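S.K.: Sharing a structure below in structure tokens format, with a few things to ask.
The values are calculated or read from the model by the stated rules, or taken from the named source; none is laboratory data. Please read all numbers here as calculations on a predicted model, not as lab measurements. Cβ coordinates were reconstructed from backbone atoms using ideal geometry, including for glycine residues, and neighbour counts include every protein chain displayed. Quick note on the areas: whole protein, heavy atoms, side chains included, nothing else; ligands and nucleic acids left out. Shrake-Rupley method; radii C 1.70, N 1.55, O 1.52, S 1.80 Å.
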Amino acid sequence: MKKIYFLLLTILSSLFTTAQEKLSLGIKQLEEHLQKTSYEIDPSAKAVILFEQATAIMRRGEMRYEYQIAIKILNSDVAGNLAEVSILKPMNCSVRKIKGTTYNFENGQVSKQTVEKADRITDKITPTADVIKFNLPSVKNGSIIHYSYVTEKPFFIEMPTWKFQSKFPTLVSAYEIEAANYLVYVPIERVHVPIKYVNQIDSLYSSDACSIRGEYSPGRNFQIWVRQNIPAYAEEPFMPNIENMVERVKFQVTGISDEGLNIKAYNNWKDYSQKYYYEDNEVCGQVFSSNNFLSKTVNELILEAKSDIDKAKTIYSYVRNNYTAKESMAGSIASNNIKEVYSKKEGSKFGINLLLTAMLCKAGLTSDVVLLATKSNEKLNAVFPEPRLINYLICRVKIDKETYLLDASEKNLSFAVLSPDCYNGYCRIVNKFGGELELTSNMINNKSIVLAKMEPIDGTKKMKLRVEVKFGTFTSIEKREEWLKDSSEIQKMILKETQLLSFPSKLKKYQVKNLLQPELPLMLTYEMDLESEFTADNIYLQPYFAKFLDKNPFVIEKRKYDIEFDYKQDIVYNFRFVVPDDYEIDEYPKSTHLSLSENDPMEMKNIIVYDTASRVLSVSSRFTTKETSFAVGKYDNIRSFYDAVIEEQNKKVVLKKKM
């Protein structure tokens, strides 16, 4: 570890009770770092992590986790947030040896302020977890902050994941695990540079990514990872969850092997989902029981159903409309128990979808459960079970060789429609036989239609506008949620769109259809009068007031990550403009066809025709995306394509007054 000096860090001679030495800052290094105003790794960074280190020690029945971090503040914008420290304390977990220190360089000397025990507060955030909070004192531009703590909790077979990468650049990130050799595990590493596997601890700093594995003492193994000079990750528009890309190491525990005792754990998804979901009567097992308490309700619901699909739709609508999803809060846990959900008319999202599945089964339909990780989580690994990533559950029903995926926990979803958040890759089917699904954004399409007409108001020199919008499946979900929460958002949307008109306008009336009927497409119709008279010699008309793109979201010159849209798009825009009698069209945009590439995975078709006999200008535009995932290498092409679409929709029609 001697090479850590290259990073102006020093290593204390004191050791953990493990193979790795503790990283720290000496006085000389503190002074040097406190006077630094930028770092070569990223001269524009607002903060730099000098080092971050943890050691996880697994012993029989207990895990000890030792953590510390030192951060240099380079911009006051982040000082406040970084000064606020939160330490999660799950149930049955103790947190000890909490220390926090702020270093500043004042009057040519290093000053030091520490956090006292009285400065810490503990809040309950869920029924099963607290959070310990404290503020580091006097944190400002130029400060170095350091805090550390130790947690201890019962250890079963889950080993903590370590993230090397942060939203700030990191000079050194070091992680060690120590475990008895009877624990059988596989580290799953994701590092963006090659890992050098070394034989000596002193060689751990010989490359930007090194690892060593060995025996700490008879019967106890260790493994250390040291990663240096790690760039910050960046949040970018339309990117997969950063958890799918951030540098990290996590672990797949495959079992325990000790003195002839061999226990397999999480060996594969089939075994895991069968044991912990299908056979567990507190989770999915209850769905496949007799559930006679549901008989009366189910029989009444399907009494007049003419087909199995009618049965499924009726039961789905009943559950969605009559049961309310509740989140677990501090002091209360939303129920997964289908009897409780049934009687109380509320429960967790898991509980509501479990009840839906049970009722479909009770109606004689083939129904089961699907486990998944939403896009707010990392994608599930198809090979190794990762139960902690499962955060959602939906229902599957098979009717006449067709498969329907259902979620009755969301009021604005219709039959066989899931939130785009559910389309996050690998999923597990829970039934007697098990199985798997792959849900990707490429499987879903959002088609919207906008029809607009502008024509003269009889007997005046003014114009009127009528617009009809049929929202797509997923924009309907978004707008319903927004408008039911605040109906004023309807007029705000109308006024925002019509601001693109070349003239002041007044909303005359509007109508929303199917707002409370999620099975039907959401529709909006509105009429506006243009308040200004057409009297000028030349008038410049914006024919695309409902634009495919307000602005280009891809503004950065260089992108790091792949592009991932939530769904495929199909937007149709038709505009008819009746030219006033005392004007003639002097100029109008020509028809165009823009495409991303020869295969047309993303395109805009624009057909513009002026019929001199009827004096009608017709604009027919269509914007489509046939794929949702694009490699980062396509970024420049997509960015240029979006610029071209925006440029095309900024073109105007020029009207010239007749002489």
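S.K.: I need the full set of residues from segment 399-435 which are farther than 13 Å from Val369 by Cβ and in a strand (DSSP E or B), in order please.
M.R.: Listed by number, the residues that qualify are Ile399, Glu402, Thr403, Tyr404, Gly425, Tyr426.
S.K.: Take Ile145 and decide whether it is in contact with a Lys or Arg (Cβ under 9 Å, 6 or more places away or on another chain), over 25 Å from Glu243 (Cα atoms), exposed (fewer than 13 other Cβ atoms within 10 Å of the Cβ) and β-branched (Val, Ile, Thr). So that I can check it myself, show each step before the final result.
M.R.: On the way: in contact with a Lys or Arg (Cβ under 9 Å, 6 or more places away or on another chain): yes; over 25 Å from Glu243 (Cα atoms): yes; exposed (fewer than 13 other Cβ atoms within 10 Å of the Cβ): no; β-branched (Val, Ile, Thr): yes.
Taking the combined requirement at face value, the residue does not satisfy it.
S.K.: In segment 162-212, what count of residues is obtained for those that are among the polar types (S, T, N, Q) and in a loop (DSSP other than H, G, I, E, B)? Walk me through how you get there before you give the answer.
M.R.: First pass over segment 162-212, keeping only residues among the polar types (S, T, N, Q): 165-166, 170, 173, 181, 199-200, 203, 206-207, 211.
This time we only want the ones that are in a loop (DSSP other than H, G, I, E, B), so: 165-166, 181, 199-200, 206-207.
Qualifying residue count for the region: 7.
S.K.: Give just the number: which of (1) of a type in the set (D, E, K, R); (2) touching a residue at least 24 places away in the same chain (Cβ under 8 Å); (3) at positive phi does Lys345 not satisfy?
M.R.: For Lys345, the failing item is (2).
S.K.: Residue pairs, Cβ under 7 Å, 6 or more apart or interchain, first in segment 565-576 and closer than 14 Å to Val467 by Cβ, second open to solvent by 30 Å² or more (accessible area, probe 1.4 Å) and among the hydrophobic types (A, V, I, L, M, F, W, C). List them.
M.R.: Val572/Ile449; Asn574/Leu451
S.K.: Find the residue count for segment 362-379, including only residues that are at pLDDT 95 or above, under 16 Å from Gly425 (Cβ atoms), not charged (D, E, K, R) and not in a strand (DSSP E or B).
M.R.: The qualifying residues number 2.
S.K.: Continuing with this model, one more query. Taking Ile585 as the residue in question, decide whether it is free of Cβ contacts under 8 Å to residues at least 40 places away in the same chain, more than 30 Å from Met239 (Cβ to Cβ), in a strand (DSSP E or B) and more than 26 Å from the chain's Cα centre (by Cα). Even if it seems obvious, please write down each step before you answer.
M.R.: Working: free of Cβ contacts under 8 Å to residues at least 40 places away in the same chain: no; more than 30 Å from Met239 (Cβ to Cβ): yes; in a strand (DSSP E or B): yes; more than 26 Å from the chain's Cα centre (by Cα): yes.
Considered against the rule, which asks whether it is free of Cβ contacts under 8 Å to residues at least 40 places away in the same chain, more than 30 Å from Met239 (Cβ to Cβ), in a strand (DSSP E or B) and more than 26 Å from the chain's Cα centre (by Cα), Ile585 comes out as no.
Table: residues versus (1) without any contact (Cβ under 8 Å) to a residue 24 or more places away in the chain; (2) touching a strand residue (DSSP E or B) at 6+ places or on another chain (Cβ under 7 Å); (3) over 20 Å from Pro420 (Cα atoms).
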position: Lys496; (1), (2), (3): yes, no, yes
position: Phe503; (1), (2), (3): no, yes, yes
position: Thr535; (1), (2), (3): no, no, yes
position: Phe554; (1), (2), (3): no, no, yes
position: Arg559; (1), (2), (3): no, no, yes
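S.K.: Residue by residue through segment 236-286, note down the ones that are closer than 27 Å to Ala54 by Cβ and among the acidic types (Asp, Glu).
M.R.: Glu243, Glu247, Asp258
S.K.: Let me ask something else. Out of the residues in segment 181-203 that are under 26 Å from Glu243 (Cβ atoms) and crowded, with 18+ Cβ neighbours inside 10 Å, which is nearest to the chain's Cα centre (by Cα)? Before the answer, list the steps.
M.R.: Of the residues in segment 181-203, the ones under 26 Å from Glu243 (Cβ atoms) are 183-197.
Of the ones still in play, those that are also crowded, with 18+ Cβ neighbours inside 10 Å are 183-185.
Working: Leu183: 33, Val184: 32, Tyr185: 29 Å.
Within segment 181-203, the match that is nearest to the chain's Cα centre (by Cα) is Tyr185.
S.K.: Moving on. Out of everything in segment 471-515 that is surrounded by 15 or more Cβ atoms within 10 Å (Cβ to Cβ) and among the hydroxyl-bearing types (Ser, Thr, Tyr), what residue ends up being nearest to the chain's Cα centre (by Cα)?
M.R.: Of everything passing the filter in segment 471-515, Thr475 is nearest to the chain's Cα centre (by Cα).
S.K.: Taking segment 237-291 as the search range and keeping residues that are among the small types (Gly, Ala, Ser) and open to solvent by less than 50 Å² (accessible area, probe 1.4 Å), which one is farthest from Tyr392 (Cα to Cα)?
M.R.: Looking at residues that are among the small types (Gly, Ala, Ser) and open to solvent by less than 50 Å² (accessible area, probe 1.4 Å), I get Gly255.
S.K.: Given the conditions (1) part of a helix (DSSP H, G or I); (2) modelled with pLDDT under 95, report the number of the one that Leu355 does not fulfil.
M.R.: Answer for Leu355: the failing condition is (2).
S.K.: Being under 27 Å from Ser441 (Cβ atoms), assigned to a strand (DSSP E or B) and modelled with pLDDT under 95 is the filter here; which residues of segment 213-251 pass it?
M.R.: Here is the first cut: in segment 213-251, the residues under 27 Å from Ser441 (Cβ atoms) are 232-248, 250.
Going one step further and asking which of them are assigned to a strand (DSSP E or B), we end up with 248, 250.
Lys250, the sole residue that qualifies.
S.K.: Next question. Kindly indicate the residue of segment 294-323 that is open to solvent by 60 Å² or more (accessible area, probe 1.4 Å) and either hydrophobic (A, V, I, L, M, F, W, C) or under 28 Å from the mean Cα position of the chain (by Cα) (or both) and also farthest from Thr366 (Cα to Cα) among those meeting that condition.
M.R.: So the residue we want is Asn321.
So that you can scan it fast, the table gives a plain yes or no per residue for (1) in contact (Cβ under 8 Å) with a residue 60 or more places away in the chain; (2) of a type outside the set (S, T, N, Q); (3) within 21 Å of Ile352 (Cβ to Cβ); (4) open to solvent by 20 Å² or more (accessible area, probe 1.4 Å):
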{"position": "Lys375", "(1), (2), (3), (4)": "yes, yes, yes, yes"}
{"position": "Ala382", "(1), (2), (3), (4)": "yes, yes, no, yes"}
{"position": "Tyr392", "(1), (2), (3), (4)": "no, yes, yes, yes"}
{"position": "Tyr404", "(1), (2), (3), (4)": "yes, yes, yes, yes"}
{"position": "Glu410", "(1), (2), (3), (4)": "yes, yes, yes, yes"}
{"position": "Ala416", "(1), (2), (3), (4)": "no, yes, yes, yes"}
{"position": "Cys422", "(1), (2), (3), (4)": "no, yes, yes, no"}
{"position": "Arg428", "(1), (2), (3), (4)": "yes, yes, yes, no"}
{"position": "Asn431", "(1), (2), (3), (4)": "yes, no, yes, yes"}
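S.K.: Here's a follow-up. For segment 39-142, which strands (runs of 3 or more DSSP E) that fit wholly inside it have 3 or more residues that are open to solvent by less than 50 Å² (accessible area, probe 1.4 Å)? Show your work before the answer.
M.R.: Working: elements: 47-59, 62-73, 84-90, 94-106, 109-114, 121-126, 129-135.
By residue number, 47-59, 62-73, 84-90, 94-106, 129-135.
S.K.: Taking segment 581-619 as the search range and keeping residues that are aromatic (Phe, Trp, Tyr) and out of contact with any Lys or Arg (no Cβ under 6 Å at 6 or more places or on another chain), which one is surrounded by the fewest Cβ atoms within 10 Å (Cβ to Cβ)?
M.R.: Narrowing segment 581-619 to residues aromatic (Phe, Trp, Tyr): 583, 588, 610.
Filter once more, so that each one left must be out of contact with any Lys or Arg (no Cβ under 6 Å at 6 or more places or on another chain): 588, 610.
Values: Tyr588: 18, Tyr610: 15.
Looking at residues that are aromatic (Phe, Trp, Tyr) and out of contact with any Lys or Arg (no Cβ under 6 Å at 6 or more places or on another chain), I get Tyr610.
S.K.: Given (1) surrounded by fewer than 19 Cβ atoms within 10 Å (Cβ to Cβ); (2) more than 20 Å from Glu410 (Cβ to Cβ); (3) modelled with pLDDT under 95; (4) of a type outside the set (Gly, Ala, Ser), identify the lone condition not met by Lys339.
M.R.: Of everything listed in (1) surrounded by fewer than 19 Cβ atoms within 10 Å (Cβ to Cβ); (2) more than 20 Å from Glu410 (Cβ to Cβ); (3) modelled with pLDDT under 95; (4) of a type outside the set (Gly, Ala, Ser), Lys339 misses just condition (3).
S.K.: Failed condition for Arg227, given (1) of a type in the set (D, E, K, R); (2) open to solvent by 50 Å² or more (accessible area, probe 1.4 Å); (3) under 30 Å from Ala47 (Cα atoms), with all others met?
M.R.: (2)
S.K.: Could we say that Leu522 is open to solvent by 40 Å² or more (accessible area, probe 1.4 Å) and either among the small types (Gly, Ala, Ser) or within 30 Å of Lys313 (Cβ to Cβ) (or both) here?
M.R.: No, not satisfied.
S.K.: Follow-up question, since we're still on this one. Being over 22 Å from Val450 (Cβ atoms), open to solvent by 50 Å² or more (accessible area, probe 1.4 Å) and in contact with a helix residue (DSSP H, G or I) (Cβ under 9 Å, 6 or more places away or on another chain), is that true of even one residue in segment 620-636?
M.R.: There is at least one residue in segment 620-636 that is over 22 Å from Val450 (Cβ atoms), open to solvent by 50 Å² or more (accessible area, probe 1.4 Å) and in contact with a helix residue (DSSP H, G or I) (Cβ under 9 Å, 6 or more places away or on another chain).
S.K.: Which pairs do you get when a residue that is within 12 Å of Tyr205 (Cβ to Cβ), found in segment 218-235, comes within reach of a residue that is part of a loop (DSSP other than H, G, I, E, B) and small (Gly, Ala, Ser), reach meaning Cβ atoms under 7 angstrom, with the pair 6+ apart or on two chains?
M.R.: If the second residue must be part of a loop (DSSP other than H, G, I, E, B) and small (Gly, Ala, Ser), the pairs left are Ile224/Ala19.
S.K.: Can you name the condition, by its number, that Asp582 falls short on among (1) in contact with a Phe, Trp or Tyr (Cβ under 7 Å, 6 or more places away or on another chain); (2) of a type in the set (D, E, K, R); (3) farther than 21 Å from Lys634 by Cβ?
M.R.: All conditions pass for Asp582, except number (1).
S.K.: If we scan segment 257-269, do we find a residue that is of a type in the set (A, V, I, L, M, F, W, C) and assigned to a strand (DSSP E or B)? Outline the logic, then answer.
M.R.: Within segment 257-269, the first condition is being of a type in the set (A, V, I, L, M, F, W, C), and the residues that meet it are 261, 263, 265, 269.
Filter again for assigned to a strand (DSSP E or B), leaving 261, 263.
Yes; the residues of segment 257-269 include at least one that is of a type in the set (A, V, I, L, M, F, W, C) and assigned to a strand (DSSP E or B).
S.K.: Inside segment 152-171, can you point out the residues that are β-branched (Val, Ile, Thr) and surrounded by fewer than 22 Cβ atoms within 10 Å (Cβ to Cβ)?
M.R.: First pass over segment 152-171, keeping only residues β-branched (Val, Ile, Thr): 157, 161, 170.
Correct list: Ile157, Thr161.
S.K.: Additional query: Report yes if Asp566 is charged (D, E, K, R), open to solvent by 30 Å² or more (accessible area, probe 1.4 Å) and at pLDDT 95 or above, otherwise no. Show your work before the answer.
M.R.: On the way: charged (D, E, K, R): yes; open to solvent by 30 Å² or more (accessible area, probe 1.4 Å): yes; at pLDDT 95 or above: yes.
Yes; evaluated as a whole, the condition is true for this residue.
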